[in-house]
Amino acid sequence: MRKILLFMMSMIFLIGVVSGQTASSENINEWVTQSRTANADSFYPADFDLSNMTLLWTHQFLTPSSTVGSVTIKDGVVYVAHDGTVGNKTYVALNQTDGSNIWTSTNLISRQDRQPTIADNNFVYVADDSTPSQILALNKTDGSIIWNFTRGLELAPPLVSNGMVFTNENIGALAQFYSLNATTGEVIWNRTGLSDVSAMSSVANNVLFTVNDGVDVNAVDISDGSIIWTNPTLATFFTQPLVKEGVVYVPDYNGFVSAIHESNGSTIWTSLIGGGCPCGTVAVDSSQVYMGSDNGFFFALDKTTGNHIWNFSMGGTAVFESTPVVTQNGIVFFTTAFRTGSNDTLFALNTTDGSVLFSFITPKSMDFMTPTLVNNVVYFGDFGGTVYAIGNPTPPPLPPPPTPLQFPNQIQGEGELFEILQSSGAGLSIFIQIMGFALPPLILGIMFVGIIVLIGFGISQVINKIRLK
């Protein structure tokens with residue numbers, strides 16, 4: 001009896017271990033900051049289906065000459081900065097399903113390059129371009145102000161990570177960089193010499209990465225602001241660095257992009273794309289780096305060497321200044337603006353050769369408008385006060401079922417024992433599946449018989465004790 005008991009307990013334990021080995025996937029249902037994540041990784045970790053791409057909805061603000069910035073999304077709500085006329089500069093929350101208004105902030109001055117940042121603590125963090133400038137924490141349910149931090153003439157958009165909010169003044173060499181408590185807005189630490197530009201910083205592996213215009217790129221300890229390493233440069237910076245797989249990618253305003261070792265700050269490679277103003281953060285997949293410029297070209301570079309692989313051109317009047325987004329199945333999205341102010345386009349290109357897979361033209365400019373990808377839908381704004389949702393929404397992918405266990409031959413195939421186990425597990429499988437598991441009837445039959453054996457063993461022990469008395 002003891003051997004049977006040990007065998008059944010071992011089988012139940014083994015089944016639990018195997019059934020827990022299911023694949024996990026990143027969340028494709030949210031885009032919580034300017035370049036999706038705190039490390040500025042605009043990689044969409046799923047396949048994107050371009051079939052049946054349709055305009056799902058638009059939201060038009062009342063002032064058509066206003067600008068709508070790139071959006072952030074979480075829990076079915078689209079957050080957007082609306083840069084309208086005086087008195088109409090607001091932060092707005094929209095219903096992700098139909099674009100209807102949920103709430104509008106009051107007495108704030110937004111700007112199109114000030115995307116809201118969403119945190120897990122029910123807060124939405126925004127930069128207010130009033131004078132003096134503010135960083136504010138808003139209640140994401142109704143837009144009410146929870147706390148505000150006021151400093152300087154201009155503060156960079158807030159970056160939220162590890163319970164802290166990071167921002168800096170844009171006032172030259174004396175600019176202060178601040179770490180704030182995300183719950184209260186109180187200053188944790190501040191120092192000069194880390195960043196003096198309006199671009200966001202990035203956080204990866206508990207390290208903060210900043211760009212200091214014409215001076216250096218820095219890796220900073222997020223706990224106290226101490227510098228870990230510095231990479232000197234004379235470059236002019238305008239955008240957020242990307243940190244991924246041990247490399248920091250930094251585009252600059254002079255038409256270069258550099259790859260730097262995350263661990264020690266040494267330069268791996270620097271590549272010239274020309275034209276100047278790669279104003280968006282780069283995107284990276286398993287083999288290539290993607291970025292645009294204001295010389296009418298969009299580029300794919302080799303991730304290891306920085307060598308040019310292909311480019312896509314729309315002519316000299318086109319500017320590619322948004323952050324591109326690359327998907328798991330080899331599609332890169334970006335927007336382009338024309339200096340003539342018309343026929344601005346959302347593009348989806350094949351990452352292998354740069355061929356056009358999909359395009360959507362808007363009547364107004366989309367300069368700096370980074371597309372946001374959530375659950376097979378592309379969201380973006382334009383300079384006509386319109387927010388667009390285009391796509392073919394699909395349910396989020398389910399994890400694959402666990403791999404069935406392989407048993408000895410005497411339990412497989414046909415036979416009385418096999419049939420008993422299969423039938424005894426069939427009913428139990430319905431209950432288990434409702435609870436969120438997916439196990440074959442044979443395994444459930446073994447579990448069922450094991451439970452019966454354990455119960456029988458317990459009853460027999462009780463009866464024996466009664467007899468002894």
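Here are the numbers:
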quantity: The listed residue being without any contact (Cβ under 8 Å) to a residue 40 or more places away in the chain, in the same structural domain as VAL203 (by TED's automatic domain parsing) and hydroxyl-bearing (Ser, Thr, Tyr), out of SER144, SER161, SER179; calculated: SER144
quantity: Options ASN218, ASN170, ASN190, ASN181; residue that is modelled with pLDDT of 95 or more and polar (S, T, N, Q); calculated: ASN181
quantity: Spans of strands (runs of 3 or more DSSP E) in segment 127-222 with at least 2 residues over 23 Å from SER35 (Cα atoms); calculated: 145-150, 187-192
quantity: Neighbours by Cβ (under 6 Å, 6+ apart or cross-chain): first from segment 291-314, touching a residue at least 12 places away in the same chain (Cβ under 8 Å) and under 23 Å from SER359 (Cβ atoms); second part of a loop (DSSP other than H, G, I, E, B) and of a type in the set (Val, Ile, Thr); calculated: MET291/VAL282; SER293/ILE273; PHE299/ILE273
quantity: Residues that are modelled with pLDDT under 90 and surrounded by 16 or more Cβ atoms within 10 Å (Cβ to Cβ), drawn from segment 137-157; calculated: ARG151, GLY152, GLU154, LEU155, ALA156, PRO157
quantity: Inter-residue pairs, beta-carbon under 8 Å, first without any contact (Cβ under 8 Å) to a residue 60 or more places away in the chain and in segment 367-388, second charged (D, E, K, R), 6+ apart; calculated: ASP367/GLU321; ASP367/ASP344
quantity: Search result, residues across segment 51-75 that are within 17 Å of LYS364 (Cβ to Cβ), at pLDDT 90 or above and assigned to a loop (DSSP other than H, G, I, E, B); calculated: none
quantity: Filtered residues of segment 328-345 (kept if crowded, with 23+ Cβ neighbours inside 10 Å and at pLDDT 80 or above); calculated: VAL332, PHE333, PHE334, THR335, THR336, ASP344
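The values are calculated or read from the model by the stated rules, or taken from the named source; none is laboratory data. Note that the coordinates shown come from a computational prediction; the quantities given were computed from them, not determined experimentally. Because the Cβ atoms are built from the backbone with ideal geometry, glycine has one as well, and the counts that use them run over all protein chains shown.
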